[in-house]
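Shown next, in structure tokens, is the structure this report addresses.
The values are calculated or read from the model by the stated rules, or taken from the named source; none is laboratory data. Nothing here was measured: the structure is a model prediction, and the numbers come from that model. Positions of Cβ are backbone-derived with ideal geometry, glycine not excepted, and every protein chain shown enters the neighbour counts.
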Amino acid sequence: MANRKSKRALSTVVTVLLVVVVIWMKYDETRDAQRREGGVRDKDVEMLFPDSASARQAIAERLVPVRLGSARYDTLEDCSLMDHRGNDGDSFHVMTPKGRKEFRLYYVDAPESAARTYGPGEDNYKRIAQQGRAMGGLTRVETTQVGVAAKIFVGKLLKGRKFQVVTSWENVYDARRQYAFIIVPWEGRARYLHELLVAHGLARIYTKPAALPDNTPATRHKKRLRELEQHAQKRHYGAWGVR
């Protein structure tokens with residue numbers, strides 16, 4: 001009898017261990033897939049962010065007040081972020097009052113969140129190298145980790161919240177996306193998402209500029225963005241403090 005009970009106990013232990021191993025393997029597999037797709041940050045690549053109230057206030061003082069007034073733009077209210085594998089730090093699938101749309105931010109380019117091969121002779125390695133050089137001479141791994149951080153940062157700002165999209169419906173080169181300004185609440189006020197990305201060291205100033213929705217010329221706004229970038233560099237935020 002004792003021998004039978006011992007066998008049952010051993011069988012139960014083995015079953016539990018097998019279940020634990022299967023669960024762990026599934027978790028590890030999912031984690032690896034998320035890393036490959038740029039969904040999880042590698043903590044080995046350290047970055048600094050403005051976590052204190054004083055640091056955030058210093059950024060807020062440098063941000064442009066959001067004022068809408070230009071007749072060239074449509075303002076889409078009550079927009080929401082859609083779950084999509086193509087969402088990144090500067091390009092998003094959005095549900096708007098006009099239906100499903102994909103928008104690309106003016107002014108900024110967040111790094112690729114993963115190194116990918118698309119087909120024979122096609123990959124994004126050259127683009128990642130350009131992004132890394134522009135953001136302080138980062139390696140491929142460091143650059144994509146900044147991209148992951150940008151993707152996560154944007155997700156936290158947009159997921160489960162309503163936000164505004166301001167667009168003139170100007171096509172990006174691939175014609176399936178339109179350029180836009182995205183306005184989000186941050187530190188109690190409406191802010192431009194592209195400015196927040198620059199201020200946190202998560203995007204380079206690159207791609208198409210445009211006059212702001214209050215008609216501020218692009219040249220003047222670009223100068224303000226450079227000042228934001230310099231502040232992030234001095235404070236070693238995001239890409240500027242990777243170590």
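Please determine whether any residue of the stretch 123-137 is touching a strand residue (DSSP E or B) at 6+ places or on another chain (Cβ under 7 Å), touching a residue at least 60 places away in the same chain (Cβ under 8 Å) and of a type in the set (Asp, Glu).
Taking every residue of the stretch 123-137 in turn, none turns out to be touching a strand residue (DSSP E or B) at 6+ places or on another chain (Cβ under 7 Å), touching a residue at least 60 places away in the same chain (Cβ under 8 Å) and of a type in the set (Asp, Glu).
Is it the case that some residue within the stretch 78-88 is among the hydroxyl-bearing types (Ser, Thr, Tyr), surrounded by 12 or more Cβ atoms within 10 Å (Cβ to Cβ) and closer than 30 Å to TRP240 by Cα?
No: zero hits.
For every residue, the table says whether it meets (1) assigned to a strand (DSSP E or B); (2) of a type in the set (A, V, I, L, M, F, W, C); (3) more than 16 Å from the chain's Cα centre (by Cα); (4) surrounded by 21 or more Cβ atoms within 10 Å (Cβ to Cβ).
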| site | (1), (2), (3), (4) |
| --- | --- |
| GLU195 | no, no, no, yes |
| ALA211 | no, yes, yes, no |
| ARG220 | no, no, yes, no |
| LYS223 | no, no, yes, no |
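Here are the criteria: (1) within 19 Å of the chain's Cα centre (by Cα); (2) farther than 14 Å from MET47 by Cβ; (3) assigned to a helix (DSSP H, G or I). Tell me which single one ALA232 does not satisfy.
Unmet for ALA232, out of (1) within 19 Å of the chain's Cα centre (by Cα); (2) farther than 14 Å from MET47 by Cβ; (3) assigned to a helix (DSSP H, G or I): (2).
Of the residues that make up the stretch 178-185, is at least one under 18 Å from ALA55 (Cα atoms) and of a type outside the set (A, V, I, L, M)?
Yes.
What is the residue count in the stretch 99-122 for residues that are surrounded by 13 or more Cβ atoms within 10 Å (Cβ to Cβ) and free of Cβ contacts under 8 Å to residues at least 40 places away in the same chain?
Of the residues in the stretch 99-122, 2 are surrounded by 13 or more Cβ atoms within 10 Å (Cβ to Cβ) and free of Cβ contacts under 8 Å to residues at least 40 places away in the same chain.
Report yes if some residue within the stretch 139-151 is closer than 14 Å to GLY201 by Cβ and in a strand (DSSP E or B); otherwise report no.
Within the stretch 139-151, none of the residues are closer than 14 Å to GLY201 by Cβ and in a strand (DSSP E or B).
Considering only the stretch 70-97, how many residues are under 30 Å from GLN145 (Cβ atoms) and without any contact (Cβ under 8 Å) to a residue 24 or more places away in the chain?
6
So, GLY188, is that one under 24 Å from THR139 (Cβ atoms) and either without any contact (Cβ under 8 Å) to a residue 60 or more places away in the chain or surrounded by fewer than 19 Cβ atoms within 10 Å (Cβ to Cβ) (or both) or not?
The answer is no for GLY188.
Could you go through the stretch 39-52 and let me know if any residue there is within 28 Å of ALA114 (Cα to Cα) and either touching a Pro at 6+ places or on another chain (Cβ under 9 Å) or modelled with pLDDT under 50 (or both).
no
Would you confirm, using the coordinates I've provided, whether VAL166 is touching a residue at least 12 places away in the same chain (Cβ under 8 Å), surrounded by 19 or more Cβ atoms within 10 Å (Cβ to Cβ), over 20 Å from LYS101 (Cβ atoms) and not polar (S, T, N, Q)?
no
Step by step: first the residues of the stretch 63-85, then only those that are hydrophobic (A, V, I, L, M, F, W, C) and part of a strand (DSSP E or B), then the one that is farthest from ARG220 (Cα to Cα). Which residue is that?
Only one residue fits best here, namely LEU81.
Only one of these is touching a residue at least 40 places away in the same chain (Cβ under 8 Å) and either buried (at least 18 other Cβ atoms within 10 Å of the Cβ) or within 13 Å of the chain's Cα centre (by Cα) (or both): GLY241, GLY147. Name it.
GLY147
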